[in-house]
1. Which condition breaks for Asp101 when tested against (1) among the acidic types (Asp, Glu); (2) under 13 Å from Ile55 (Cα atoms); (3) at pLDDT 80 or above?
2. Please verify whether region 60-77 includes one or more residues that are farther than 21 Å from Phe104 by Cβ and outside any helix (DSSP H, G or I).
3. When the residues of region 29-75 are narrowed to those that are polar (S, T, N, Q) and under 21 Å from the mean Cα position of the chain (by Cα), which ends up surrounded by the most Cβ atoms within 10 Å (Cβ to Cβ)?
4. Against the conditions (1) modelled with pLDDT of 65 or more; (2) on the phi < 0 side of the Ramachandran plot, where does Gly164 fall short? Just the number, please.
Amino acid sequence: MKTAITKPTCTEPSVSALQSTAFTLVEVLTVMSIITILAGLAFQGIARVKTKAQISRCASNLRQIGIGVRLYADSNDGRFFRLQGSNQLFRILLTPYITDDAVFRCPSDKDRDIGSSSYAWNGLYDGRLIDSAWKLEQSSNPDPPIVTELAAKHRPTNRLFPDGRISAQN
């Protein structure tokens, strides 16, 4: 028996089949608006994380300055340095103990000149013994930090105390 071989026929797709595979303008705009909203939320979260990282790095810088101040005092009969109002001098006096100049700049302080410090020495402690500074902290004023941020670009502001602790103040 012979079977007839038939040629397949090509049929054109119908118009309704083509229309069902394309996106409508409303669908495209809806997807774009959802993506925009999600991107906006992500950028806000990233900005918050960046601020927290800068505050943390600033606290780390103050901790390193505190170690440098302690090393300076240990090398000078337990006394803090006398600055008599010059905040830049404390950076110079700590140079043998802190070799990285970036420690003296808060990461959020982009306006300050290179070579200057984002932190200020509290003149209340000029020339004092470390032990008397500890007693001063305990008695006269409950919170006299030895180093504070000059013009903090972030909140809370970090402060360094004579006992080496770092505290944040709003």
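The values are calculated or read from the model by the stated rules, or taken from the named source; none is laboratory data. Predicted, not measured: the structure shown is a model, and the values here were computed from it. Virtual Cβ from ideal backbone geometry, glycine too; neighbours counted across all protein chains shown.
1. (2)
2. Looking for residues that are farther than 21 Å from Phe104 by Cβ and outside any helix (DSSP H, G or I), one finds at least one in region 60-77, hence yes.
3. Out of the qualifying residues, it is Asn61.
4. (2)
Residue-wise test of (1) in contact with an Asp or Glu (Cβ under 6 Å, 6 or more places away or on another chain); (2) at pLDDT 80 or above; (3) outside any helix (DSSP H, G or I); (4) surrounded by 12 or more Cβ atoms within 10 Å (Cβ to Cβ).
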site: Pro107; (1), (2), (3), (4): no, yes, yes, yes
site: Arg112; (1), (2), (3), (4): no, no, yes, yes
site: Ser116; (1), (2), (3), (4): no, no, yes, yes
site: Trp134; (1), (2), (3), (4): no, no, no, yes
site: Asn141; (1), (2), (3), (4): no, no, yes, no
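Each row is one residue, and each column tells you yes or no for (1) at pLDDT below 85; (2) among the aromatic types (Phe, Trp, Tyr); (3) within 30 Å of Asp101 (Cβ to Cβ).
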| position | (1), (2), (3) |
| --- | --- |
| Ala17 | yes, no, no |
| Thr21 | yes, no, no |
| Val49 | no, no, yes |
| Gly68 | no, no, yes |
| Phe80 | yes, yes, yes |
| Leu83 | yes, no, yes |
